[in-house]
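To start, the structure itself, in structure tokens.
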Amino acid sequence: MSDTAITVVRKIIHIDMDAFYASVEQRDNPDYRGKPIVVGGLPEGRGGVVATASYEARKFGVRSAMPSKKAKQLCPQAIFVRPRFDAYKDASRQIREIFSRYTDLIEPLSLDEAYLDVTEDKLGIGSAIEVATQIKQAIKDELNLTASAGVSINKFVAKIASDINKPDGLKFIGPSSIEAFMEQLPVDKFYGVGRVTADKMKRMGLHTGADLKRLTEDEMQQHFGKVGRFYYRIVRGIDDRPVNPHRETKSLGAEDTFPYDLTTAEEMFPELEKITKTVCDRLERYGLKGRTITLKIKYSDFRQITRNQSFPHPVGDAETIISTAKSLLLATGIDDVRIRLLGISLSNFGEVERPSLIKGDSNQLRLF
């Protein structure tokens, strides 16, 4: 018997919904169809932040994470819509059900994207491109939404591929094409390379994957720390990470950015109570309790702090959460401050029964 190892080439699909929140709003409200829709905070008052924008709004330069006031300036005719997360989660669960027809190896990344390993698909189709095509068509036919798909042999390349032909795109990057594809890719298109790192790379004369390949692994680590080893590998198309349907839940929480700065306890405490209710609803849904409660505060100058308290046993009741959050807030000193955001999260989860999980769902906080 030969000792030669057999290497299995994975078939990985990355599905990314197109302008997901905005598309759900346009689907559910005929008046929004074909119009520039911005989902997120309203531009009035101090203004909020854009969660996502329809493609009609993106033509004007509106982008996610942009201040809503700037979005309004770029696209004065935009229709601003507050998020309806229950509707998005419901659509996500339906999308997840479509995925599960083809594979159980599903790794959700957020409400609107996931990795699928279809090396051995349930229906015996054999072709990852065909599976991706069928999934896209099912989402369109059954949910009246569109998705873009990237297909390759690993997660990193599949994710980049899904962004190439948006919206309603499908891109396959085969094994023989990966290295050449990565060489021509601009560094700011590398998933995991943020703006600051991309700017640093460009200052070093590193503009594309081909430029990055000039550096040795030691040089990559010297310039970029531990993540440099990851960059060294992925620029060569090497990504051995499996699709993991059981990623551990790290934390669960909720936060809110307010239309106007909060300056007194009388204003802050009711907001903490609202946030606590949202957190408790999510804890109950996923059957979780945590040993650590964390309070997040962002001030009007965008300075941000967190404070936390840990318990010897997991907690999840509203009374404990709200009393702890108020105590942590008071301990920071709230005289002469202006607060624009408050958030509460729980972490350090204990082993508790999860009766409310839908059969087949892993304990993801943001179910796909």
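What follows draws every value from the coordinates through simple rules; no lab data is involved. Note that the structure is a prediction, hence the values are computed from the model and not measured. Counting neighbours? That spans all protein chains shown, and the Cβs are built from the backbone with ideal geometry, glycine included.
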Gyration tensor (alpha-carbon) shape descriptor, region 83-195, a/c threshold 1.5: oblate
Most mobile listed residue (Arg93, Arg27, Arg214) in the chain, GNM with C-alpha springs under 10 Å: Arg214
Percent antiparallel among DSSP beta bridges (both partners in the chain, rounded to 5): 90 percent
Cα gyration tensor, region 251-349 - rounded (a/c under 1.5), prolate or oblate: prolate
Most mobile listed residue (Gly194, Gly40, Gly169) in the chain, GNM with C-alpha springs under 10 Å: Gly194
Between 0 and 90°, nearest 10: helix 265-286 axis offset from the chain longest Cα axis: 40 degrees
Gyration tensor verdict on region 202-241 (Cα atoms; rounded if a/c is under 1.5, prolate if a/b is larger than b/c, oblate otherwise): oblate
Max mean-square fluctuation residue, GNM over the chain, Cα-Cα springs under 10 Å, options Arg233, Arg285, Arg303: Arg303
Inverse of mean 1/r across different Cα pairs in region 178-234, Kirkwood, Å: 11.0 Å
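Going down the list Lys89/Lys250; Lys35/Lys69; Lys200/Lys298; Lys35/Lys166, which pairs span over 21 Å between their C-alpha atoms?
In this structure, Lys200/Lys298 exceed 21 Å between Cα atoms.
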Estimated FRET transfer efficiency when R0 is 41 angstrom, pair Asp104-Thr263 (beta carbons, to 0.05): 0.20
Percentage relative contact order, region 1-151, counting C-alpha pairs under 8 Å, at least six apart: 29 percent
Paramagnetic label zone (point 7 Å from Cα along Cα-to-C-beta, Lys277; backbone N under 20 Å) in region 251-265: 253-260, 262, 265
Principal-axis tilt of helix 128-143 within the chain, Cα atoms, nearest 10 degrees: 40 degrees
Degrees between helix 318-332 axis and first principal axis of the chain (Cα, 0 to 90, nearest 10): 80 degrees
Alpha-carbon centroid distance for the pair region 107-169 / region 215-248, whole angstrom: 23 Å
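Suppose we keep just the DSSP beta bridges with both residues in region 30-182; what percent of those would be antiparallel, to 5?
55 percent
Just the projected area, averaged over all directions, of the convex hull on the alpha carbon atoms of the chain: how many nm²?
22.9 nm²
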